[in-house]
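Everything below concerns the one structure shown next.
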Amino acid sequence: MYLCNREFEKNAYELLEELYELDQDKSHELLRRPLKTWKGSKNVFELADKAGVMDFMKHDCCQTELDKIWHGKLTSHPAWWKVVLNTLRFIAIDCFILKLIFSTRQWFLNM
């Protein structure tokens, strides 16, 4: 089992090395991207941590991303339309609840 783990780690490191040489930005995205095939939405960092593959985590790409996470520079800003849509949704829900409260109150007063 240990030999398999080391072989996969070596292959993952070599693949990341090639990707990093071709396009650094895409390789950083790859590390942060959630993998939906695993239980929940785990990313490469979580899988590497669980497997204990520290040689993979030594790669410059991983270290740069971990540095961003550690210093709080990694931001995942939601799209502006999602922010607007959620704001409008909560306003609509609040208006509906207020209308329901006042109409129920009015109904009880008219009884």
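Going through region 26-41 one residue at a time, which ones are in contact with a Pro (Cβ under 7 Å, 6 or more places away or on another chain) and either not assigned by TED's automatic domain parsing to the domain that holds Asn11 or not in a loop (DSSP other than H, G, I, E, B) (or both)? Across region 26-41, there are no qualifying residues.
The residue that is nearest to Ala12 (Cα to Cα), counting only those in region 40-65 that are aliphatic (A, V, I, L, M) and within 14 Å of the chain's Cα centre (by Cα), is Val44. Can you confirm whether Ala79 is at pLDDT 80 or above, of a type in the set (Gly, Ala, Ser) and on the phi < 0 side of the Ramachandran plot? Here the answer is no, as Ala79 does not meet what is asked.
Cβ-Cβ distances below 7 Å connect the following pairs, each with a first residue in region 1-12 that is at pLDDT below 85, a second residue that is surrounded by 11 or more Cβ atoms within 10 Å (Cβ to Cβ) and not hydroxyl-bearing (Ser, Thr, Tyr), and a separation of six or more residues or different chains: Asn5/Ala51.
Would you check if there is a residue in region 44-54 being surrounded by 11 or more Cβ atoms within 10 Å (Cβ to Cβ) and modelled with pLDDT under 75? Looking for residues that are surrounded by 11 or more Cβ atoms within 10 Å (Cβ to Cβ) and modelled with pLDDT under 75, one finds none in region 44-54, hence no.
The values are calculated or read from the model by the stated rules, or taken from the named source; none is laboratory data. These figures come from a predicted structure and were not determined experimentally. Every residue, glycine as well, gets a Cβ built from its backbone with ideal geometry; the counts of neighbours run over all protein chains shown.
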